[in-house]
Amino acid sequence: MPNKPIPPRAEIQALVGHEFPGGKYTVQHWENFLLTECTGADPLPDGQVHPAAMFHVPILGANTTIGEMFALGQAESDASIGIESYDWELFSPLFEEVAYDVTASITEADRCEEESGRVYDRIQFVFNLADPDGKLVARSTVTWHYNRSRN
Amino acid sequence: MKVSIGDDIPEWDMPSVTRERMRTMAAILRDPNPVHWDPTSTERWGFKDKTINQGPLGLSYMVNMLHDWAGPTSIKRFIMTFPKAVLSEDHVIARGKVTGLREEDGTMIAECDIWLHNDERGTLLKGSAEVRLPA
């Protein structure tokens with residue numbers, strides 16, 4: 001199957017400033033229970049959400065999806081995405097049954113070319129979570145590499 | 001809690017990364033990527049009959065290590081990179097070391113290097129964390 005053409009660099013750079021719709025997300029008890037079990041830990045006290053939720057809660061709360069994030073960067077395929085880093089800041093713990101407000105945008109996007117010949121587009125997404133009082137409680141910064149194949 | 005620079009954080013052991021947990025995690029994350037549940041999708045990387053653990057799940061083992069060490073609300077910041085894949089049936093051990101200490105608003109913060117070790121393939125994930133230490 002032929003690879004998709006490499007998108008123009010300007011199209012990638014133009015992603016900076018893209019804002020996702022945003023919205024609210026409430027982690028329900030069943031979801032936190034199953035998530036925590038997947039990590040191999042016991043449930044945390046007082047309905048605290050396991051920090052592993054800091055990946056999907058911001059994305060879904062921003063009213064986007066992993067698939068849409070792949071598509072925005074014109075990913076060649078699911079398998080062409082590499083993770084540079086996940087940076088999670090927890091100003092206070094997250095709790096079950098609390099409706100968090102999520103805002104999100106693309107803060108960095110540019111083409112990178114290494115001496116080895118590897119070409120990828122580096123795209124950074126920042127998600128902010130606020131509690132119902134409007135207090136910022138957490139931030140997730142996702143930086144992915146959209147690897148490009150040369151045909 | 002008495003902590004010094006250079007201290008090792010007590011290890012956290014995951015004896016086997018299971019496919020069942022990856023499948024549950026795929027549903028929770030709404031992550032359609034087949035590398036997490038279809039072993040035929042990972043053959044291109046030479047991972048015969050293996051599935052690849054989700055990033056958030058792999059780093060969660062280090063979260064659990066930090067929780068067991070300093071408490072369930074201790075993590076202030078957590079930065080993770082993913083140099084190698086964590087695969088189904090891997091035995092992995094979360095490890096960490098205190099690299100710095102500072103006081104912030106009356107709370108001691110430990111700066112830590114953290115990583116996920118596998119006996120066959122070495123360090124799979126690595127990063128850093130800032131941890132609020134209990135008084």
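For segment B:83-97, state whether one or more residues are of a type in the set (Gly, Ala, Ser) and under 19 Å from residue B:135 (Cα atoms). Even if it seems obvious, please write down each step before you answer.
Applying the first criterion (of a type in the set (Gly, Ala, Ser)) to segment B:83-97 yields B:85, B:88, B:94, B:96.
Those left that are additionally under 19 Å from residue B:135 (Cα atoms): none.
Checked segment B:83-97: no residue is of a type in the set (Gly, Ala, Ser) and under 19 Å from residue B:135 (Cα atoms).
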- line: Cβ pairs under 6 Å, 6+ apart or interchain, first in segment A:30-45 and within 7 Å of another protein chain (Cβ to nearest Cβ) and under 13 Å from residue B:59 (Cα atoms), second open to solvent by 10 Å² or more (accessible area, probe 1.4 Å) and among the hydroxyl-bearing types (Ser, Thr, Tyr), ordered by first then second residue, are A:38/B:24
- request: Quick one: in segment B:1-44, of everything that is more than 20 Å from the chain's Cα centre (by Cα), touching a residue at least 24 places away in the same chain (Cβ under 8 Å) and open to solvent by 40 Å² or more (accessible area, probe 1.4 Å), which residue is farthest from residue A:80 (Cα to Cα)?
  value: B:1
message: Looking for something of a type in the set (A, V, I, L, M) and over 23 Å from residue B:29 (Cα atoms) - is there at least one such residue anywhere in segment B:47-68?
response: no
query: (1) touching a Ser or Thr at 6+ places or on another chain (Cβ under 9 Å); (2) part of a strand (DSSP E or B); (3) without any contact (Cβ under 8 Å) to a residue 60 or more places away in the chain; (4) crowded, with 17+ Cβ neighbours inside 10 Å: which one isn't true of residue B:98, the others all being true?
result: (3)
statement: Of those in segment A:53-69 that are more than 16 Å from residue A:19 (Cβ to Cβ) and touching a residue at least 60 places away in the same chain (Cβ under 8 Å), the residue nearest to the other protein chains (Cβ to nearest Cβ) is A:55
task: Check residue B:75 against each of (1) β-branched (Val, Ile, Thr); (2) buried (at least 17 other Cβ atoms within 10 Å of the Cβ); (3) under 22 Å from residue A:48 (Cα atoms); (4) more than 8 Å from chain A (Cβ to nearest Cβ) and name the one condition it does not meet.
output: (4)
Residue pairs meeting the criteria (Cβ under 6 Å; at least 6 apart or on separate chains; first under 13 Å from residue B:76 (Cα atoms), in segment B:118-135; second at pLDDT below 95): B:133/B:1; B:134/B:1
field: Number of the condition not met by residue A:126 [criteria: (1) under 18 Å from residue B:30 (Cα atoms); (2) open to solvent by 20 Å² or more (accessible area, probe 1.4 Å); (3) of a type in the set (A, V, I, L, M)]
entry: (1)
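Listed here are the residues, each with its yes/no results for (1) of a type in the set (Gly, Ala, Ser); (2) open to solvent by less than 40 Å² (accessible area, probe 1.4 Å).
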position: A:73; (1), (2): yes, yes
position: A:102; (1), (2): no, yes
position: A:105; (1), (2): yes, yes
position: A:112; (1), (2): no, yes
position: A:115; (1), (2): no, no
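The values are calculated or read from the model by the stated rules, or taken from the named source; none is laboratory data. The structure displayed is predicted, hence computed values, not measured ones. With ideal geometry, Cβ positions are generated from the backbone for all residues, glycine too; neighbour counts draw on all protein chains shown. Only protein heavy atoms, including side chains, enter the accessible area calculation; ligands, DNA and RNA are left aside. Shrake-Rupley method; radii C 1.70, N 1.55, O 1.52, S 1.80 Å.
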